[in-house]
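A.B. asks: Below is a structure I'd like to ask you about.
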Amino acid sequence: QKEVEQDPGPLSVPEGAIVSLNCTYSNSAFQYFMWYRQYSRKGPELLMYTYSSGNKEDGRFTAQVDKSSKYISLFIRDSQPSDSATYLCARNTGGFKTIFGAGTRLFVKA
Amino acid sequence: EAGVAQSPRYKIIEKRQSVAFWCNPISGHATLYWYQQILGQGPKLLIQFQNNGVVDDSQLPKDRFSAERLKGVDSTLKIQPAKLEDSAVYLCASSLGSGTYEQYFGPGTRLTVT
């Protein structure tokens, strides 16, 4: 079982839609979670991070962790064509290694 | 603030040849990472340096891959000899320290082995 699993998509939505991106994880140790955005032929860039449980909001983006079901979500409100990218979830146990999911490709159509 | 620099951006080699990638992290960042990202997958950590010491190289294929970080600043990743399955994007990232969650990535080097 992979430590972080993501549906690779692609996910295609119309402009203005609410997007929900999800990951599951298998390790129960204390950890924090991150969402990175990766545009084509670019390196990933950190969007948001959150600790073991709860929500965090930043503009149009909300990150949510459900510890009981080991589920991580990223919501994008009022999606824009510029949001079209691959979204990578990642976890870190507070130690040295960050484990990335495979990423979900998102297309937002104008 | 200048970002993480990598070169070359693209490289095509034949199998069994050797290749080297270079990375210059953000100034003042103590931790440097090399990742391998195969098409359709997430980045996989190859090696992590804290200053010029190796913190984690458990997933580095040491029979063919080597890396060094000169004077705790820039770094070189080498593959010798290359195999077809080494075709991937090699990403360099840096962070202030090993315990920090925010890593800053360079644009990557796209390697094609034919």
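A.B. asks: Assuming B:Q50 fulfils every condition listed in (1) at pLDDT 95 or above; (2) within 14 Å of chain A (Cβ to nearest Cβ) apart from one, which condition is it?
C.D. replies: Condition not satisfied by B:Q50: (1).
A.B. asks: Then there's this: Name the residues in the range B:21-53 that are touching a residue at least 12 places away in the same chain (Cβ under 8 Å) and open to solvent by 50 Å² or more (accessible area, probe 1.4 Å), would you?
C.D. replies: B:W22, B:N24, B:S27, B:G28, B:I38, B:L39, B:K44, B:Q50, B:N51, B:N52 - these are the residues of the range B:21-53 that are touching a residue at least 12 places away in the same chain (Cβ under 8 Å) and open to solvent by 50 Å² or more (accessible area, probe 1.4 Å).
A.B. asks: Being more than 9 Å from every other protein chain (Cβ to nearest Cβ), among the polar types (S, T, N, Q) and closer than 30 Å to B:A5 by Cα, is that true of even one residue in the range A:19-32?
C.D. replies: Yes, the conditions are met somewhere in the range A:19-32.
A.B. asks: From the residues in the range A:33-71 that are over 30 Å from B:R110 (Cα atoms) and of a type in the set (K, R), which one is nearest to the other protein chains (Cβ to nearest Cβ)?
C.D. replies: Here the residue is A:K56.
A.B. asks: Restrict the check to the range A:83-97 and report whether at least one residue is farther than 23 Å from B:Y33 by Cβ and more than 14 Å from chain B (Cβ to nearest Cβ).
C.D. replies: Yes, that holds for at least one residue.
A.B. asks: Out of the residues in the range B:74-114 that are modelled with pLDDT under 95 and exposed (fewer than 15 other Cβ atoms within 10 Å of the Cβ), which is nearest to the other protein chains (Cβ to nearest Cβ)?
C.D. replies: This residue is B:E102.
A.B. asks: Let me ask something additional. Criterion first (in a strand (DSSP E or B) and touching a helix residue (DSSP H, G or I) at 6+ places or on another chain (Cβ under 7 Å)) does B:L111 satisfy it?
C.D. replies: Yes: the conditions hold for B:L111.
A.B. asks: Next question. Take A:A110 and tell me if it is open to solvent by 20 Å² or more (accessible area, probe 1.4 Å) and either more than 13 Å from chain B (Cβ to nearest Cβ) or touching a His at 6+ places or on another chain (Cβ under 6 Å) (or both).
C.D. replies: The answer is yes for A:A110.
Listed here are the residues, each with its yes/no results for (1) touching a Phe, Trp or Tyr at 6+ places or on another chain (Cβ under 6 Å); (2) part of a strand (DSSP E or B); (3) of a type in the set (F, W, Y); (4) open to solvent by 40 Å² or more (accessible area, probe 1.4 Å).
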residue: A:E5; (1), (2), (3), (4): no, yes, no, yes
residue: A:G9; (1), (2), (3), (4): no, no, no, no
residue: A:S12; (1), (2), (3), (4): yes, yes, no, yes
residue: A:A17; (1), (2), (3), (4): no, no, no, no
residue: A:N22; (1), (2), (3), (4): no, yes, no, yes
residue: A:N27; (1), (2), (3), (4): no, no, no, yes
residue: A:F33; (1), (2), (3), (4): no, yes, yes, no
residue: A:S40; (1), (2), (3), (4): no, no, no, yes
residue: A:G43; (1), (2), (3), (4): yes, no, no, no
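A.B. asks: Would you confirm whether or not the range B:14-33 contains a residue that is in contact with a Leu (Cβ under 9 Å, 6 or more places away or on another chain) and hydroxyl-bearing (S, T, Y)?
C.D. replies: Yes; the residues of the range B:14-33 include at least one that is in contact with a Leu (Cβ under 9 Å, 6 or more places away or on another chain) and hydroxyl-bearing (S, T, Y).
The values are calculated or read from the model by the stated rules, or taken from the named source; none is laboratory data. Note that this is a predicted model, so its numbers are computed, not measured. When we count neighbours, we look across all protein chains shown, and the Cβ atoms used for this are built from the backbone with ideal geometry, even at glycine. The accessibility values were calculated without ligands, DNA or RNA, using every heavy atom of the protein model including side chains. Shrake-Rupley method; radii C 1.70, N 1.55, O 1.52, S 1.80 Å.
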